[in-house]
1. Could you say which residue among F536, F531 is more than 28 Å from F464 (Cβ to Cβ), surrounded by 17 or more Cβ atoms within 10 Å (Cβ to Cβ) and not small (G, A, S)?
2. If a residue has to be open to solvent by 20 Å² or more (accessible area, probe 1.4 Å) and modelled with pLDDT of 90 or more to count, how many in region 98-121 make the cut?
3. Restricting attention to region 371-407, which residues are among the polar types (S, T, N, Q), without any contact (Cβ under 8 Å) to a residue 12 or more places away in the chain and farther than 24 Å from Y658 by Cβ?
4. Is it the case that some residue within region 693-704 is within 33 Å of the chain's Cα centre (by Cα) and either among the aromatic types (F, W, Y) or farther than 16 Å from V639 by Cβ (or both)?
5. State which residue pairs qualify: first residue more than 23 Å from Q155 (Cβ to Cβ) and inside region 83-111, second residue among the basic types (K, R) in any location, beta carbons under 6 Å apart, and separation of 6 or more residues or different chains.
6. Is region 438-448 home to any residue that is under 30 Å from T491 (Cβ atoms), without any contact (Cβ under 8 Å) to a residue 60 or more places away in the chain and crowded, with 21+ Cβ neighbours inside 10 Å?
7. Quick check on my filter: what residues within region 803-844 are open to solvent by less than 20 Å² (accessible area, probe 1.4 Å) and under 13 Å from I603 (Cα atoms)?
8. Note down all Cβ pairs under 7 Å where the first residue falls in region 228-257 and is farther than 21 Å from P189 by Cβ, the second is of a type in the set (K, R) and at pLDDT 90 or above, and they're at least six residues apart or on different chains.
Amino acid sequence: MNSPWLIGCLLLGLCGSASVAYAQGKGDFDPLFEHRCNVIIDPVLVKASKPEQQAFFRNLDAPYQAGIGLVEAGRFPEALSDFLSYADTVSKYVARTHYVYLDVLVEIATVRSQMRDFNQALIDAGTVFHTSQECYGIDNSFTLKSATLLAVIYQNTGRWNEALDVSEKVLDGEQRLIAAMPFDKASSPAVHRQLTVARWNVTALQYRLGDLEHARAGAQAMIEETKTLDPSDPERFEFANIAWYVLDRIAHRRDEDQTEAFAGLQATYEGMRALLGPDHPRTFPLLANEGFAAVDINAGRGADILKDYVTRIERERLRRQLPTDRQIFLEASGNAYQRYAFAAADAEKILEAFHGMELSKARSLEDSFAVRLAFADQILPTDQASSLKAAEARVSELESRLESLSADPVARVAVSKELDTAKTSYAKAFDSASASSPRFRMATQSEIAGPEKARSILRQDEVFISYLTERSDGPMMKILVSVLEPSGKLTVADLGDCPGLDFTTQSYDIAIARPDGIAAAAKEGKDLWSFRGAFFFGAPGGTYPEATLVTNFDVLRQAVSDMVLPKALRDLLEPYKHWVVSPSGPLWNIPFETLADGDGLIIDNHAVRYVHSWTMFTMLADAAQTRKRAAADIPVVAVGGATYSDYRLPQGTPPAQYPSWKELGSSKTEVKLVAQYFGLKDGVTVFQGKAALRSTVLGLNSSGKLAHVHTVLFSTHGLLDATNPARSSLILGRPEGGFESDRYLTARELATFDMPADLVVVSSCDSGNGRVAAGEGILGLPYAIFAAGAASALVTRWKVFDDDTTAHLVSDLLIAIDSGKSPDDALAEIKRDLRRTKPEAYWAPFVLLGH
């Protein structure tokens with residue numbers, strides 16, 4: 001197979017499953033073309049004759065060819081397994097610079113990309129591109145194709161400018177290659193197609209970046225080009241569908257007739273459906289694009305098409321046993337779920353709109369929590385539950401190891417193969433448990449909760465507010481909100497377009513996190529500007545002629561308040577003292593307590609807590625009602641006040657890899673206050689100073705002790721990894737003889753814990769932040785805490801101050817809860833007291849998640 005890879009997979013970010021097998025098409029395999037990089041390392045094989053070597057390699061490539069077939073069938077996890085097996089075998093015979101080895105790395109990166117595992121795909125693709133560029137040069141077809149794959153991943157991770165830059169280099173390189181070819185070869189269909197795709201990739205990215213004239217011309221040309229492809233070639237329909245979608249979006253943006261483009265979308269979907277069937281993964285994106293376009297013509301019709309798409313995607317998602325794999329899969333389709341919810345709301349299908357909003361949120365978290373509840377209820381026999389937990393922990397361990405091997409492709413392949421085996425083992429263990437226990441099978445299948453549960457779950461003075469955001473055009477975003485009252489009354493409203501919502505909420509977060517707000521940012525060289533309703537911090541010294549300089553934070557506060565809490569919505573919510581808010585997208589940046597409410601702030605009259613979704617909230621509520629606490633359970637366990645001054649790196653480790661953490665006076669005070677009030681015992685229920693170690697926490701979990709604690713306090717430094725949220729960490733002490741790496745307790749590790757606490761307090765910087773993922777919400781420590789089974793969590797939205805205010809806020813909260821106050825009321829009262837003397841930067845970062 002020598003299929004090109006298409007970059008221009010718009011909106012869904014789903015590309016066709018065409019392979020990028022550049023070197024080993026069946027029948028033309030030749031591992032021995034003359035080049036200095038194509039080195040055989042096996043001492044016996046290197047002495048063999050060329051025919052013998054060629055026959056040897058042909059006998060090895062069965063897993064490779066099987067993987068190609070599985071990719072064509074859309075069976076990506078199985079294809080990855082075969083490619084990893086082949087790569088592991090080949091690495092024993094050829095150097096890592098050999099094109100045969102690089103070729104299978106391309107396949108591995110391609111399949112990872114299809115499976116939405118972009119962090120790992122980017123490492124593999126980058127390895128291939130840089131190695132092939134060094135070995136073969138930029139004007140080499142293999143190098144250019146590996147560059148195309150790299151651009152695909154850049155696009156799918158939102159790095160549009162980098163994707164365009166690489167794609168333009170690919171196009172230039174292809175043109176130079178073709179110019180140097182003999183006429184008969186340069187005019188061949190394969191070369192013509194290759195150049196066409198390179199041009200289209202640039203065109204698609206130009207559309208993404210707003211160059212509509214070039215995008216229109218490129219899309220029209222591409223439609224004509226696809227007519228030359230064989231009717232049995234899926235890419236004939238994929239390329240044309242995406243080109244028609246570009247034309248449809250341009251027509252929509254310019255208020256032009258969309259009829260022709262919509263007809264083209266319908267025709268290409270029907271063609272692909274007839275070729276591969278409605279349930280083939282390569283058919284799904286074409287159905288979604290038809291639904292997206294239909295929404296503009298008729299909201300009800302569009303909602304029906306997208307409902308069909310969502311139903312099919314849900315079946316695919318549920319075939320993956322590991323919640324993290326489900327999360328990666330769902331990210332690819334999250335915006336289609338969002339569009340379905342908005343379309344249903346436009347069509348006044350209120351229940352469907354609410355259902356669509358719930359489908360768009362916290363799906364893998366709900367699955368993880370359901371599994372933890374099943375363990376806590378002791379549905380499975382002890383040995384079977386232990387086996388399943390061990391299999392899950394093994395997957396987590398190997399995922400961490402894989403991330404640490406970015407510079408060693410051979411080691412990465414070996415660990416990837418182990419990880420693939422571990423995931424298979426987990427899947428088999430899970431299937432076995434489900435087969436032997438129908439009760440376990442039912443308990444671990446989380447279902448979307450309907451609004452009727454409000455009557456039994458919400459307090460009479462409590463209201464649930466759910467938001468959904470969707471990017472409608474460039475910097476323009478839309479907000480959909482649903483309000484569920486304790487009577488079961490459901491209201492769904494479209495709040496309309498919000499220009500630059502992501503920039504505006506980021507600006508709000510930056511300003512409110514500083515004691516002096518906008519003035520503090522200005523001293524750092526960042527001025528706040530307003531442009532057409534959006535707010536942004538400009539570059540140091542920058543001037544923006546059409547924008548207005550903003551020097552009063554209340555202007556920004558009021559603008560954000562009007563966006564997310566317009567007066568009509570505030571009037572609806574005003575009677576309710578307790579608000580449960582489920583944010584979406586950039587709205588996770590906003591502490592709602594700090595928004596304007598008439599003459600005051602929301603915090604003045606309301607207690608606010610946050611939750612990932614209504615379904616998650618109902619699961620937490622049900623768990624709280626059924627959870628049985630034994631008399632021997634432990635009220636509080638506290639870990640903090642760690643020692644950070646004993647910095648130690650292994651020899652040869654770059655200092656930048658592990659930062660030096662300063663001592664935390666507030667953490668020591670916080671743990672001391674909590675330990676004194678609750679009578680905690682050193683080494684038993686409180687672990688401080690030299691005892692505040694990652695190994696201590698891991699031991700508390702492995703011994704089962706954390707499964708019997710009501711409140712867990714982690715008072716530490718925190719590390720936010722927004723790119724890879726599973727690596728966000730709590731930073732604890734360094735064990736004697738250990739190194740800096742031993743301090744890091746990652747979100748990935750926490751997610752495997754058995755920690756069904758009523759409350760987990762993570763008093764560290766940025767513990768409530770992470771990457772906001774489509775179809776999931778905020779990933780990182782907040783995800784991990786609930787995946788471990790906790791009912792609620794106190795986390796922070798930004799860096800907190802190392803002072804007595806922080807220490808007393810946390811200790812006072814735990815004391816108030818112990819005296820009988822609900823966590824949200826206790827936190828609200830503490831914040832109101834602090835509001836009299838401290839700016840929001842001191843108290844607003846602390847937010848309560850969960851039930």
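The values are calculated or read from the model by the stated rules, or taken from the named source; none is laboratory data. None of the values given here were measured: they were computed from a predicted structure. Note that we place each Cβ from the backbone using ideal geometry, even for glycine, and neighbour counts take in every protein chain shown. Each accessible area value is taken on the protein alone, full model and side chains, heavy atoms only, with ligands, DNA and RNA left out. Shrake-Rupley method; radii C 1.70, N 1.55, O 1.52, S 1.80 Å.
1. The unique qualifying residue is F536.
2. Within region 98-121, residues that are open to solvent by 20 Å² or more (accessible area, probe 1.4 Å) and modelled with pLDDT of 90 or more number 0.
3. Q378, T382, S386
4. Among the residues of region 693-704, at least one is within 33 Å of the chain's Cα centre (by Cα) and either among the aromatic types (F, W, Y) or farther than 16 Å from V639 by Cβ (or both), which makes the answer yes.
5. Qualifying pairs under 6 Å: L84/K417; D88/K417.
6. No, region 438-448 contains no residue that is under 30 Å from T491 (Cβ atoms), without any contact (Cβ under 8 Å) to a residue 60 or more places away in the chain and crowded, with 21+ Cβ neighbours inside 10 Å.
7. Passing the criteria: D824, A826, L827, A828, K831, W843, A844.
8. Hits for this filter: L247/R216; I250/R216.
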